[in-house]
């Protein structure tokens, strides 16, 4: 299990947070996602064999969200 920390600019209000949680938790290999609403920090516990950090970024960006490391 690997933990990846990313920042999503839009993840500071309820709508985008619920959308992001839904995207991540239905993705195979994602075990847990914790979102800090104060600064948009996301900690994602995932299988390093199934998902790399770059694959997570691509997945999130496909939904129109802005990701930084």
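Read the figures in this text as sums done on the coordinates, not as results from a lab. Since we're looking at a predicted model, the values are computed, not measured. Cβ placement follows ideal geometry from the backbone for every residue including glycine, while neighbour counts extend to all protein chains displayed.
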Exposure proxy order (Cβ contacts within 10 Å, fewest to most) of 38, 45: 38, 45
Give the angle, between 0 and 90 degrees and rounded to the nearest 10, that separates the Cα long axis of helix 14-25 from the longest principal axis of the Cα atoms of the chain. 10 degrees
Quick check: convex hull over the Cα atoms of the chain, volume per residue in Å³, rounded to an integer? 68 Å³
